[in-house]
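Here's the structure, in structure tokens; my notes come after.
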Amino acid sequence: MVSFVMRGCESVKSYEALRTAPNPDHAVVRGPGEVEVRLQVNGESRTTNIEPRVSLLDALRDRLDLTGTKKGCNQGACGACTVWVDGRRVLACLTLAITCENREVTTIEGLSDGDTLHPMQQAFLDCDAFQCGYCTPGQILSAVALLTEGHAGDDTEIREWMSGNICRCAAYPHIRAAIRRVRDGGGGGDAAS
Amino acid sequence: MRPVSYSRAFDVGTAVGAVSADPESTFLAGGTTQIDLLRIYVEQPRRLIDINDLPLNRVEELPDGGLRLGGLARMSDVAEAPELVRRYPMVAESLLLGASPQLRNMATIAGNLLQRVRCGYFRDTEAACNKRVPGSGCSALDGINRGHAVLGTSDNCIATHPSDLAVALVALDAVVQTEGPGGARSIPIDDFFLLPGQTPEREHPLAHGELVTGIDLPPAPVAATSRYIKIRDRESYEFALASVAVAIAVDGGRITEVRLALGGVATKPWRARAAERELDGAPATTESFTRAAAAELAPAVSHGMNAFKIELARRTIVRALEQMTQREVAA
């Protein structure tokens, strides 16, 4: 298994332990009305009352005031809602929030270390890797995952493995430049390619 | 989305029992097709049984030398399983050419086989669709049907089966393992996907509550030399207009073994048996490949906008076979 290092999150080991120790209460039928759902988001335990049909995206934005995760298409076609669940990039619009109990959710708000930006966030600023900015949180979470996965070898590979994040402003060349900059240790990197 | 109740299952028996006891219950795994269809009211169960905690997510060796892909294994994990990549490269390629990295992290192997069609009329609850509402008609027959099938169609449905993975699996004679209210059974993949015929609403032989626990890949040395080639409107994150899974062995310039299947052009993942018959024992030349492609597409029927797919499928077959047999020349 690939191990992931995430700021503000407990170690992989601890949430694997959470997952493998099912709470017997979870086997009971819950809903269709509002039920208490406990989520672990950016290292914090958050509780909210939602119906089981509520997506992770809507729970984050409308209930937990974490509006960094964006709603684009709401049907799994654009990638604006990309978050990490148990360290893997997924689409929050096609994930029901209640299925994330016992899993660790990381959003764009959990990426920085206080006021210190994650290197990928800084690289997006330095490389001018966005215009309107709406797709940017999803792009950044995908980009960090891309490096962790080892799929940023060259521009062709970056293009293919970032294809799940659409940018209608077409900032793609600068997004690739930002990814190269972090991949190569923060220096250099032409803005265009 | 209609309101739903929710529970988690931690063992297969409980999951199967819960769904089979209630016609309005359904399994929830990766959700990448299902949540979308729930949201647009195409599917309307009242209870979801979350099966993501079931221990069915491994890729395992089988005693006969094959591999078992767990029903809940994620597309991304299976695509990187070293033994799969070594022994069945076309399966790994079919997975990596499908969807996006995020969706591949979510979507399961079983869900991939069971994904619903992408026909716009199936997804539009205002349109006639025999698959969604049996007997209501088919808006695609004289509608926007550029993406629709040219093989295996009927007067009731021409929707294309969208899976890439399933194309590689039918070429390999994979076996679907299930656990249902009547116990466990093994279903040859040829029997798993049904042609629309008079009953397009019936896509597979599973009983309500029957769970796909795994997919067995039989040993197939020829599959070590295999590829999945996908032609589409854009180079990534798009469904196939035409695709080919091919495994081939050539000895002394003659084809000694070949497995060929087509995606993007048929109502089910399409084993190209007519082409295989033409190719078996034939010289590995473009002439043979062209003849085989013509034989396979001979029964094709178009419905207007998708007429180009017949020629596209022929050319994709020829290209795939050329690439597999003339790689040394090309290099």
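The values are calculated or read from the model by the stated rules, or taken from the named source; none is laboratory data. Just so you know, these numbers come straight off a predicted model, no measurement behind them. With ideal geometry, Cβ positions are generated from the backbone for all residues, glycine too; neighbour counts draw on all protein chains shown. The accessibility values were calculated without ligands, DNA or RNA, using every heavy atom of the protein model including side chains. Shrake-Rupley method; radii C 1.70, N 1.55, O 1.52, S 1.80 Å.
Where the centroid of each part is defined by its Cα atoms, how far is segment A:80-103 from segment B:1-71 in Å?
Here the two parts' Cα centres lie 17 Å apart.
Let me confirm one metric for peptide B:95-101, namely the mean number of other chain beta-carbon atoms within 10 Å of its residues' beta-carbons. Present the calculation step by step, with values, prior to reporting the outcome.
Working: counts 0, 2, 1, 0, 3, 15, 16.
Counting other chains' Cβ atoms within 10 Å and averaging over B:95-101 gives 5.
Order B:ARG202, A:ARG53 by their accessible area, 1.4 angstrom probe, all chains in place, largest first.
Details: B:ARG202 115, A:ARG53 75 Å².
Ranking B:ARG202, A:ARG53 by accessible area, largest first, yields B:ARG202, A:ARG53.
Residues with amide H under 5 Å of B:ARG271's amide H, sequence separation 5 or more or different chain, H placed in the peptide plane at 1.01 Å from N; which?
Under 5 Å from the amide H of B:ARG271 lie the amide H atoms of B:LEU262, each far enough along the sequence or on another chain.
Mind checking how much accessible area A and B bury in total, 1.4 Å probe, in Å² rounded to 100?
Values: alone 10020 and 14410 Å², together 21280 Å².
Adding both sides of the contact gives about 3100 Å².
Which value, in Å², gives the accessible area per residue of the protein assembly as shown when a 1.4 Å probe is used on the protein heavy atoms?
Working: 21280 Å² over 524 residues.
Heavy-atom SASA per residue in the protein assembly as shown reads 41 Å².
Taking 7 Å along the Cα-to-C-beta vector as the label spot, tell me the A:ASP154-B:ASP155 distance in nanometres, rounded to one decimal.
In this crude spin-label approximation the distance works out to 5.5 nm.
Threshold 30 Å², probe 1.4 Å: give the residues of segment B:12-36, in number order, that are less accessible with all protein chains present than with their chain alone.
When all protein chains are present, B:ILE35, B:ASP36 each give up 30 Å² or more of accessible surface.
Computed on alpha carbon atoms, what radius of gyration and Dmax characterise segment B:93-136, expressed in Å?
Looking at segment B:93-136, its Cα Rg and Dmax stand at 13.8, 38 Å.
Which residues in segment B:136-157 place their backbone N less than 14 Å from a point set 7 Å from the Cα of B:ASP124 along the Cα-to-Cβ direction?
B:138-147
Mark the label point 7 Å from the Cα of B:GLU322 along Cα→Cβ and return the residues of segment B:256-289 whose backbone N is within less than 15 Å of it.
Zone members listed by number: B:284-289.
Give me the percent of accessible area attributable to carbon and sulfur for segment B:5-49, probe 1.4 angstrom. Let's see the in-between values first.
Values: 760 of 1500 Å².
Percent of accessible area from carbon and sulfur atoms in segment B:5-49: 51.
Leaving out ligands, DNA and RNA but keeping every protein chain, what accessible area does A:CYS132 have, in Å² rounded to the nearest 10, with a 1.4 Å probe?
Only protein atoms counted, so the area is about 100 Å².
Would you mind checking which residues have amide H under 5 Å from A:GLN40's amide H? H placed 1.01 Å from N; only 5 or more apart, or other chain.
Result for A:GLN40 returns A:ARG46, A:ASN102, A:ARG103, A:VAL105.
Amide H to amide H under 5 Å from B:SER226: which residues, 5+ apart in sequence or cross-chain, H placed 1.01 Å off N in plane?
B:MET90
Sorted by accessible area (1.4 Å probe), largest first, how do B:MET305, B:MET75 line up? Spell out each step's value before the answer.
Numbers: B:MET305 90, B:MET75 10 Å².
If we order B:MET305, B:MET75 from most to least accessible, we get B:MET305, B:MET75.
Quick check: with the 1.4 Å probe, what order do B:ARG277, B:ARG319, A:ARG38, A:ARG89 take by accessible area, largest first? Write down the numbers at each step before the final one.
On the way: B:ARG277 170, B:ARG319 120, A:ARG38 140, A:ARG89 0 Å².
Output order, biggest surface exposure first: B:ARG277, A:ARG38, B:ARG319, A:ARG89.
Which pairs, out of B:LYS230/B:LYS309; A:LYS70/B:LYS230; B:LYS131/B:LYS268; A:LYS71/B:LYS131, put more than 20 Å between their alpha-carbon atoms? Working shown, then result.
Details: B:LYS230/B:LYS309 13 Å; A:LYS70/B:LYS230 31 Å; B:LYS131/B:LYS268 14 Å; A:LYS71/B:LYS131 30 Å.
Listed pairs above 20 Å: A:LYS70/B:LYS230; A:LYS71/B:LYS131.
Counting only protein heavy atoms and a 1.4 Å probe, tell me what percentage of segment A:119-193's accessible area is made up of carbon and sulfur.
Details: 1710 of 3230 Å².
Using a 1.4 Å probe with all protein chains present, segment A:119-193 comes out at 53 percent carbon and sulfur.
Karplus couplings for segment B:190-207 from phi (6.51 cos²θ - 1.76 cosθ + 1.60, θ = phi - 60°), rounded to Hz, Gly and Pro as x?
With the stated coefficients, segment B:190-207 comes to 4, 8, 7, 9, 9, 5, x, x, 8, 10, x, 6, 9, 9, 7, x, 5, 6 Hz.
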